[in-house]
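Chemist: One structure, as structure tokens, below. Some questions next.
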2 protein chains.
Amino acid sequence: MKINVMTDVLEANDRIADANSQVFDTNRNLVLNLMSSPGAGKTALLESTARALKGELRLGVIVGDIETTRDADRLEKHGIPVLQLTTGSACHLDANMIASALSRMDLTSVDVLVIENVGNLVCPAEFKLGEDFKVMVLSVTEGDEKPLKYPMMFRESSLLLINKTDLLSYTDFSMDDAKRNARMIHPDLEIIDVSCVTGEGVSGWVEWLSGRYREKFGANTRA
Amino acid sequence: MKINVMTDVLEANDRIADANSQVFDTNRNLVLNLMSSPGAGKTALLESTARALKGELRLGVIVGDIETTRDADRLEKHGIPVLQLTTGSACHLDANMIASALSRMDLTSVDVLVIENVGNLVCPAEFKLGEDFKVMVLSVTEGDEKPLKYPMMFRESSLLLINKTDLLSYTDFSMDDAKRNARMIHPDLEIIDVSCVTGEGVSGWVEWLSGRYREKFGANTRA
């Protein structure tokens, strides 16, 4: 008898993710699973997002890291609810880690909940957390061929944010090639160019968030 | 009864890694396991290395990627033996993948064998492949706090190459903080700053390789 451990693990994970999703819907949370390589700029993006969403939608963040609470410390300065999960050695968040965290955050005071996954372009894409959308960040310093080399995350994500466009002229990254490669893997992928240094694209990203919130709950803001 | 699947997996892996190591010693190969985040510049570093080692030590490369043969295609242009392993969905190389590849490369014609692992700052650090040394690349665009957030790879590596120093002035990366953080995790870690664009540090890295080869085999070059 052959047991496919991985299939069992993923099925158990999906059941917990579905339960998380129901909790989020009840609390009127739009939930994103934010993924990228280490250092692609997820936390800086969330700092910009916290500033840009102020007065419109209330942001909350669950941060997953193997060690340290540095990202949570950075985000808390923006006056938003932040919960840090330290995974120890796990290279991704799973639905059970999120389930165990939910009671520790007041979800009724959050409109948009972003779950910042562990920096890893591979493993996080396999584990649903209960999110409405997967969103990924690729920074221009990583190279324009990444969609072809790490296809799963590009396939699973609804939106790709191409970050650090302020560094574009110092690299050999081609925006055209990156987008062509990404759409070869996932033809319907939405893509927004952003820079948290110049502010380019942050408004487009915030409009995307508001649009998804409106679609899910039929109102522009919670109030 | 509780079975620790991960411990069993790692023990089985280590046995195969030991066997790989014996094959490498017999063939007089210095073997490095080269690890980093996606896009940190492992392949560009190996292209510089191939040029710099020419006439001194014969380089061979085994490249692990989830998909595509792009890295192997780039390296083959330098006239060195290259073997591409496509892992499909595996987020790291393991000793068995290397074992199955060894018969497909003429190891007697290689002095320094570099195994370029899958781009991932987490999982590859757990799996020995039979290497003499683990070497990791951190690019300055990833952030100087990475040693604290992903400690295992920094702890397991003998040498840290801090890459893309040509981009240093366009980022808020602090070399001092990065080195302090890395040595907090691993006090004896050797560190070399490199840029494959300006060529900074490439000679230091090649000297490191020659030194390790000399230590293992008691000769500066194979001939």
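The values are calculated or read from the model by the stated rules, or taken from the named source; none is laboratory data. Not measured: the values here are computed from a predicted model. As a convention, Cβ positions derive from the backbone with ideal geometry for all residues, glycine included, and neighbour counts pool all protein chains shown.
Chemist: Restricting to region A:54-64, give me the number of residues that are in contact with a helix residue (DSSP H, G or I) (Cβ under 9 Å, 6 or more places away or on another chain) and surrounded by fewer than 23 Cβ atoms within 10 Å (Cβ to Cβ). Before you say what the answer is, go through the steps one by one.
Modeler: We begin by selecting, within region A:54-64, every residue in contact with a helix residue (DSSP H, G or I) (Cβ under 9 Å, 6 or more places away or on another chain); these are A:56-64.
This time we only want the ones that are surrounded by fewer than 23 Cβ atoms within 10 Å (Cβ to Cβ), so: A:56-58, A:60.
Of the residues in that region, 4 qualify.
Chemist: Among the numbered conditions (1) in a strand (DSSP E or B); (2) within 14 Å of chain B (Cβ to nearest Cβ), tell me where residue A:74 comes up short.
Modeler: With (1) in a strand (DSSP E or B); (2) within 14 Å of chain B (Cβ to nearest Cβ) applied to residue A:74, the lone miss is (1).
Chemist: Give region B:121-130 a look and list any residue that's part of a helix (DSSP H, G or I) and facing chain A (nearest Cβ under 7 Å), or say none.
Modeler: Here is the first cut: in region B:121-130, the ones part of a helix (DSSP H, G or I) are B:123-126.
B:123, the sole residue that qualifies.
Chemist: For the structure I just gave you, tell me whether residue A:179 is closer than 24 Å to residue B:69 by Cα and within 12 Å of chain B (Cβ to nearest Cβ). Walk me through it before giving the result.
Modeler: Values: closer than 24 Å to residue B:69 by Cα: yes; within 12 Å of chain B (Cβ to nearest Cβ): no.
No: the conditions fail for residue A:179.
Chemist: Sticking with this one: Quick one: residue A:101 ticks every box in (1) surrounded by fewer than 24 Cβ atoms within 10 Å (Cβ to Cβ); (2) out of contact with any helix residue (DSSP H, G or I) (no Cβ under 8 Å at 6 or more places or on another chain); (3) modelled with pLDDT of 95 or more except a single one, so which number is it?
Modeler: The one condition residue A:101 does not meet is (3).
Chemist: Among the listed residues A:15, A:28, A:74, which satisfies the condition of being more than 25 Å from residue A:215 (Cα to Cα) and of a type outside the set (A, V, I, L, M, F, W, C)?
Modeler: A:74
Chemist: Quick one: residue A:67 ticks every box in (1) out of contact with any Ser or Thr (no Cβ under 8 Å at 6 or more places or on another chain); (2) farther than 25 Å from residue A:151 by Cα; (3) surrounded by fewer than 21 Cβ atoms within 10 Å (Cβ to Cβ) except a single one, so which number is it?
Modeler: (1)
Chemist: Shifting gears a bit: In region A:29-58, which residues are free of Cβ contacts under 8 Å to residues at least 12 places away in the same chain and either basic (Lys, Arg) or within 22 Å of residue B:146 (Cβ to Cβ) (or both)?
Modeler: We begin by selecting, within region A:29-58, every residue free of Cβ contacts under 8 Å to residues at least 12 places away in the same chain; these are A:54-55.
Within region A:29-58, A:54 is the sole residue that qualifies.
Chemist: Are any of the residues in region B:112-119 within 11 Å of another protein chain (Cβ to nearest Cβ) and either touching a helix residue (DSSP H, G or I) at 6+ places or on another chain (Cβ under 9 Å) or assigned to a strand (DSSP E or B) (or both)?
Modeler: Looking through region B:112-119, at least one residue is within 11 Å of another protein chain (Cβ to nearest Cβ) and either touching a helix residue (DSSP H, G or I) at 6+ places or on another chain (Cβ under 9 Å) or assigned to a strand (DSSP E or B) (or both).
Chemist: Those residues that are at pLDDT 95 or above and of a type in the set (Lys, Arg), I need them from region B:25-61; list them, please.
Modeler: Result: B:28, B:42, B:51, B:58.
Chemist: Based on what the data block shows, is residue B:79 of a type outside the set (Phe, Trp, Tyr) and within 16 Å of residue B:194 (Cα to Cα)? Full working, then the answer.
Modeler: On the way: of a type outside the set (Phe, Trp, Tyr): yes; within 16 Å of residue B:194 (Cα to Cα): no.
Spelling it out, it is not the case that residue B:79 is of a type outside the set (Phe, Trp, Tyr) and within 16 Å of residue B:194 (Cα to Cα).
Chemist: Within region A:34-45, is even one residue in a helix (DSSP H, G or I), among the basic types (Lys, Arg) and buried (at least 22 other Cβ atoms within 10 Å of the Cβ)? Give the derivation first.
Modeler: Going through region A:34-45, the residues in a helix (DSSP H, G or I) turn out to be A:42-45.
Still in the running and among the basic types (Lys, Arg): A:42.
Subsequent filtering for residues that are buried (at least 22 other Cβ atoms within 10 Å of the Cβ) retains A:42.
Scanning region A:34-45, I find at least one residue that is in a helix (DSSP H, G or I), among the basic types (Lys, Arg) and buried (at least 22 other Cβ atoms within 10 Å of the Cβ), so the answer is yes.
Chemist: Just give me the residues in region B:131-171 being assigned to a loop (DSSP other than H, G, I, E, B), at the interface with chain A (Cβ under 9 Å from one of its Cβ atoms), among the charged types (D, E, K, R) and free of Cβ contacts under 8 Å to residues at least 40 places away in the same chain, in sequence order. Full working, then the answer.
Modeler: Let us first name the residues in region B:131-171 that are assigned to a loop (DSSP other than H, G, I, E, B), namely B:131-132, B:143-145, B:150, B:157-158, B:164, B:171.
Filter again for at the interface with chain A (Cβ under 9 Å from one of its Cβ atoms), leaving B:143, B:145, B:150, B:164, B:171.
Now restrict to residues that are among the charged types (D, E, K, R): B:145, B:164.
Matches in region B:131-171: B:145 only.
Chemist: Taking residue B:88, is it small (Gly, Ala, Ser), closer than 22 Å to residue B:38 by Cβ, crowded, with 21+ Cβ neighbours inside 10 Å and within 12 Å of another protein chain (Cβ to nearest Cβ)?
Modeler: Numbers: small (Gly, Ala, Ser): yes; closer than 22 Å to residue B:38 by Cβ: yes; crowded, with 21+ Cβ neighbours inside 10 Å: no; within 12 Å of another protein chain (Cβ to nearest Cβ): yes.
It is false that residue B:88 is small (Gly, Ala, Ser), closer than 22 Å to residue B:38 by Cβ, crowded, with 21+ Cβ neighbours inside 10 Å and within 12 Å of another protein chain (Cβ to nearest Cβ).
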